[in-house]
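Following: one structure in structure tokens, then a few remarks.
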Amino acid sequence: MKTTELLKAEMAQKPEGAYAPYYFKYLGYRQDYTAPKTEARANAVYALFTKPRAYIYKNDWIAGSIRPLWVQAGAEGLVYAGRVVPGYGERDFAQNVDHFSPDYRRLVREGVPGLLRSIQKSMRKHAARPEKVAYLRAMRRTVLGWKGMIRRYAKQAAACGHAAGYDEEKLGFIQKNCEFLTEHSPQTFAQALQLVWLCHQSFLYEGRAAMALGRMDQYLYPFYRKDKDEGILTDAFARELLENTFLKIYEHRAYRDVDETINICIGGTSPNGGCDVNELSYLILQAVRECNVPGPNLSARIAANTPDRFLDECLQVIGTGLGYPALMNDEVNLRALRGYGYAAEDVYDYSMVGCIENFLSGRQPPWSDGRFDAPRFLEYMFNRGRGIRNKSVGIDTGDLSKISSMDEFIQKFERQLQFGVDEYVMFFNNQNTRLNAEEYEQPYLSCFCEDCIGRAQDICRGGSKYPSVHGAALMGIGTVSDSLAAIEQVVFTDRAATLSDLARALKKNFAGYEWLRQKLLAAPKYGNDDWFVDKYAVWFVDTLARLFSRYRTKDGGPIYIAMAANISNIYAGQTIAATPDGRRSGEALSDAASPTYGCDVLGATATLNSVARPDYTKVACGTVLNQKFSPGVFAEEEKRKKLLALIKVYFRKGGQEIQINATSREVLKDAMDHPEKYPTLVVRVSGFSALYVTLAREIQEDILRRTQQE
Amino acid sequence: MINVSDIQRFSLGDGPGIRTTIFFQGCNLHCPWCHNPEAIPLRPQKMRDPRGRERVYGAPTDIANILAVVEKDAAYYAESGGGVTLSGGEVLLQAEGAARLAAALQAEGIHVLLDTAGDVPFAAFQKVLPFIDAIYYDWKAANAEDYRRRIGGDFARILDNLGRLIEAGCAVRVRVPLIEGVNTAPDYAEQMCACLRQVGAQEVDLLPFHRLGSAKYRALGLAYAYASVPSMTIQRAKEIAKIYQKYFKTKIEG
């Protein structure tokens, strides 16, 4: 058996007891219930890192597992811990706690000792400021806790030597590396990778999700190069180390029934215009392919100078049906980010967090985002400010029968959207300040973001080099564009119905108005390379980018927009009445940046020509375009070349992202009826991949409905 | 004007690179396995499109309108080494129009591929040849009797035309639809090969039968003789390919 399979087989045995990281935090808090908040948090993190027993797999070269976080059910204090810890407050996604790409570049350069030295240095610098010294002390305590965790893994490796089924060579390797890392910065590729993985584990111990691994092919490359030059590393072994690392992301699926979304970024462009693809980029691709699990969410930054060979390897991995890497247009992303005044070298070093969110690696607070369900505001417009399907309330933009032109309609709709954006930002700001940074500090996380240590300042209180950003994910570009085009065609061009007719039809969910619905359906649809409707998609992005740009996050950062939905388009659709594109009440909204499923009927070139039209340099957060091709397209190099050309032209035309499912419709259908036959079928869902059979039926159906292009 | 049955963008199976395929309306053969039955009659056909809406296939279309569609994907042709494929139906029943369209495409530097069944006077070929970069030439049966009886074609003329094209140095690939009960028995396949060798064919694409066209027959209200014949498996196609591989550079398409 391959090592990945052996390791995966080990995960078949679930840990006993309850997943209870909070229990270990509780052990820390209770050391001193009267401690000041910063110190109390540091105590909790220290206990969390040092109390759990380390766990090492038998078939592993890289240590670091979430298994130690399971506590025997009924353990003393478990229930009590469940009451104490929430009392200290747990920040959530909206309060900048996860979706973060740490400063691993610095970590692998300086190691644990470097972190501690920096903290010491900053303490001297801020000696006159007791609150800063206290914060730095909290930082140091958490880092020492992490150092303790690394030491525990070293000791565990030594202890395992006597247990059955362990390989001495592997244990010795882990023991040596972990021991070394407690006192030194990494010297080899394996040590650098081990350090990063244990750092990543420490964030998981804390309960953070979607913590990115960032640009691994860049920050690990100096180690890879040096080891190769010295002849102490082969590509095969480097790949095995990477496989061992990535496969452990599968722990979340195996033990917790959830999929993690650990973004790994490969490729990209250097500030001097060169191409950043290197040998390690390929090895990471191959390792992820070999693992064949959901969770390592691979993103490839593709530019005009990216070698075809690399893009072709990406397509081969996609062709296995894994759905990743997602392909990112580096030029569009760079231009979008540069618009915010960040230093050039920081922009070029961006990576992704979570699904597709562009992130200044280790230089800004953790991400937050939300979804903006734009089609809801059509409902308010057609019902005098009230919801039709739900008793929601918007604003009344007046009597529709008085609207005499498409321009006038658009103006009123823009007022609706403006109200929606105001409302969205209000909700976000209130959520975001609920567990505010002043009260809920993150001394440990702050150690991995420039320049929190130097400023002795929390990551969310001005410690980070740049302020927090928020991403507003716009849903329903297809639904809105198709609706506006249908109104222009049916009401203002053909004069086949009035806006009042349409209002009645929408309220009745087209009952008795099938004649009108047919006319609406016959109007041009987004995704068919037709400017009549594509112009509304361009307008959609321009308008919402402008409306959101009026706001800042509470620490002064920008609000980006994203063209992404992350399957929320299904749930949002369930609350939204019929829309003028002919969509019935409760049906899904169009997904992410994609045209409405089944409406783009002229083939991939037409779809991509349409989708490339909006100005994505205004979409700094990122975009998701789901496309589906039959697996046969990936099987032959000749056909992949056609796909490669398709993607290159799409990017040249200004498209921002494309992600591809390569599983045939037949397989997906069969997997719905016979899930037992497909336990390992991984598909791209939205900004992430998942095991198909674990998805809800409506999401499976949605994936099935995505237009298959060949 | 050309009677165009359909225009299909992002065609991956009709020649090199990413292509747009122009399906000409009307065919003088009647292959019972045909997957484009709407393109066989000379007159325009009404049929429901994949979205369920009634559409006319085969209406007279301005060459300028065809070019407007074709040009939308020019960047994709250039990047992928693709272009435009003229298919059908039988393109050369409208040889004048085909020549004008091909000339216009050639003037824009777009690669043009002609897909034909070849049952036309050679003069029809001569009209288009100056503007054509490559030819896909269908080959369906091994003798005059079968050509006449099964699909209503003139074996001698089709074979003669193929020979003349090869002799004239045209880039010709022969395309053989693999139809069980028609042309797949080993000795019959040998006869197919013999015909092709006789005229000096070099490259052969084998197209395993698929029944993806059956929905179209239903939409047209026609009976489909091959409705219950399963699509050919790749293994079976590979078996048959072994015979062709003895004589030609052979590829299985699809």
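So the values come out like this:
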item	result
Given (1) in a helix (DSSP H, G or I); (2) modelled with pLDDT under 95, number of the condition A:Gly165 does not satisfy	(1)
Per-region count, region B:42-65, residues of a type in the set (Ser, Thr, Tyr) and within 14 Å of chain A (Cβ to nearest Cβ)	0
Hits in region B:10-31 (condition: part of a strand (DSSP E or B) and out of contact with any Phe, Trp or Tyr (no Cβ under 9 Å at 6 or more places or on another chain))	B:Ser11, B:Thr21, B:Ile22, B:Phe24
A:Ile66 being assigned by TED's automatic domain parsing to the domain that holds A:Lys132, surrounded by 20 or more Cβ atoms within 10 Å (Cβ to Cβ) and touching a Cys at 6+ places or on another chain (Cβ under 6 Å)	no
Unmet criterion (only one of (1) under 28 Å from B:Asp205 (Cα atoms); (2) within 14 Å of chain A (Cβ to nearest Cβ); (3) not hydroxyl-bearing (Ser, Thr, Tyr)) for B:Asn28	(2)
Residues of region B:1-28 satisfying the condition of being open to solvent by 40 Å² or more (accessible area, probe 1.4 Å) and touching a residue at least 60 places away in the same chain (Cβ under 8 Å)	B:Met1, B:Asn3, B:Ile7, B:Pro16, B:Asn28
Hits in region A:622-645 (condition: under 20 Å from A:Arg665 (Cβ atoms) and of a type in the set (A, V, I, L, M, F, W, C))	A:Leu625, A:Phe629, A:Val633, A:Phe634, A:Ala635, A:Leu643
Residue pairs meeting the criteria (Cβ under 6 Å; at least 6 apart or on separate chains; first assigned by TED's automatic domain parsing to the domain that holds A:Val112, in region A:151-168; second surrounded by fewer than 19 Cβ atoms within 10 Å (Cβ to Cβ) and assigned to a helix (DSSP H, G or I))	A:Arg151/A:Thr182; A:Ala154/A:Glu179
Matching residues in region A:374-403 - criterion: being more than 17 Å from A:Lys508 (Cα to Cα) and open to solvent by 50 Å² or more (accessible area, probe 1.4 Å)	A:Val393, A:Asp396, A:Asp399, A:Ser401, A:Lys402
Qualifying residue in region A:321-342 (condition: open to solvent by less than 10 Å² (accessible area, probe 1.4 Å), touching a helix residue (DSSP H, G or I) at 6+ places or on another chain (Cβ under 6 Å) and in a loop (DSSP other than H, G, I, E, B))	yes
Restricting region B:66-94 to residues that are open to solvent by 10 Å² or more (accessible area, probe 1.4 Å), more than 14 Å from the chain's Cα centre (by Cα) and more than 14 Å from chain A (Cβ to nearest Cβ), the residue that is nearest to A:Trp531 (Cα to Cα)	B:Leu67
Selected residue [hydroxyl-bearing (Ser, Thr, Tyr), surrounded by fewer than 22 Cβ atoms within 10 Å (Cβ to Cβ) and away from chain B (no Cβ under 12 Å)] from A:Ser594, A:Ser664, A:Ser590	A:Ser664
Pick from region B:230-254, criterion in a loop (DSSP other than H, G, I, E, B) and without any contact (Cβ under 8 Å) to a residue 60 or more places away in the chain, ranking: most open to solvent (accessible area, probe 1.4 Å)	B:Lys246
Residue under evaluation A:Pro614, criteria (1) over 21 Å from A:Ile703 (Cβ atoms); (2) buried (at least 24 other Cβ atoms within 10 Å of the Cβ); (3) within 14 Å of another protein chain (Cβ to nearest Cβ); (4) not charged (D, E, K, R), criterion not met	(3)
Filter result (assigned to a helix (DSSP H, G or I) and either free of Cβ contacts under 8 Å to residues at least 60 places away in the same chain or not assigned by TED's automatic domain parsing to the domain that holds A:Asn509 (or both)) within region A:381-420	A:Met381, A:Lys402, A:Asp407, A:Glu408, A:Gln411, A:Lys412, A:Arg415, A:Gln416, A:Phe419, A:Gly420
Residue under evaluation B:Ala99, criteria (1) in contact with a Pro (Cβ under 9 Å, 6 or more places away or on another chain); (2) buried (at least 18 other Cβ atoms within 10 Å of the Cβ); (3) more than 11 Å from every other protein chain (Cβ to nearest Cβ); (4) in contact (Cβ under 8 Å) with a residue 40 or more places away in the chain, criterion not met	(4)
Qualifying residues in region B:101-124 (those that are assigned to a helix (DSSP H, G or I) and touching a strand residue (DSSP E or B) at 6+ places or on another chain (Cβ under 8 Å)) - the one nearest to B:Arg164 (Cα to Cα)	B:Ala102
Every residue from region B:29-65 that is in contact with a helix residue (DSSP H, G or I) (Cβ under 8 Å, 6 or more places away or on another chain), hydrophobic (A, V, I, L, M, F, W, C) and open to solvent by 40 Å² or more (accessible area, probe 1.4 Å)	B:Leu42
Single residue of A:Ala128, A:Ala157, A:Ala164 found to be hydrophobic (A, V, I, L, M, F, W, C), over 21 Å from A:Thr234 (Cα atoms) and touching a helix residue (DSSP H, G or I) at 6+ places or on another chain (Cβ under 9 Å)	A:Ala157
Some residue of region B:9-16 being more than 14 Å from chain A (Cβ to nearest Cβ), modelled with pLDDT under 95 and closer than 27 Å to B:Gly153 by Cα	no
Residue in region A:260-305 that is most open to solvent (accessible area, probe 1.4 Å), counting only those that are part of a strand (DSSP E or B) and of a type in the set (A, V, I, L, M, F, W, C)	A:Cys275
Selection count where residues are closer than 19 Å to B:Asp6 by Cβ and at pLDDT 85 or above, scope region B:216-236	5
Meets criteria (open to solvent by less than 10 Å² (accessible area, probe 1.4 Å), touching a Phe, Trp or Tyr at 6+ places or on another chain (Cβ under 7 Å) and more than 14 Å from every other protein chain (Cβ to nearest Cβ)) for A:Ala565	no
For A:Cys355: the one exception among (1) open to solvent by 10 Å² or more (accessible area, probe 1.4 Å); (2) touching a residue at least 12 places away in the same chain (Cβ under 8 Å); (3) in contact with a helix residue (DSSP H, G or I) (Cβ under 9 Å, 6 or more places away or on another chain)	(3)
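Conditions tested, residue by residue: (1) open to solvent by less than 60 Å² (accessible area, probe 1.4 Å); (2) closer than 14 Å to A:Lys58 by Cα; (3) acidic (Asp, Glu).
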| position | (1), (2), (3) |
| --- | --- |
| A:Val112 | yes, no, no |
| A:Ala128 | no, no, no |
| A:Glu131 | no, no, yes |
| A:Arg137 | no, no, no |
| A:Arg140 | no, no, no |
| A:Arg152 | no, no, no |
| A:Gln156 | yes, yes, no |
| A:Ala164 | no, yes, no |
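The values are calculated or read from the model by the stated rules, or taken from the named source; none is laboratory data. The model shown is predicted, which means the values in this text are computed figures rather than measured ones. A quick note on method: Cβ atoms are made from the backbone with ideal geometry, for glycine too, and the neighbour counts reach across all protein chains shown. Each accessible area value is taken on the protein alone, full model and side chains, heavy atoms only, with ligands, DNA and RNA left out. Shrake-Rupley method; radii C 1.70, N 1.55, O 1.52, S 1.80 Å.
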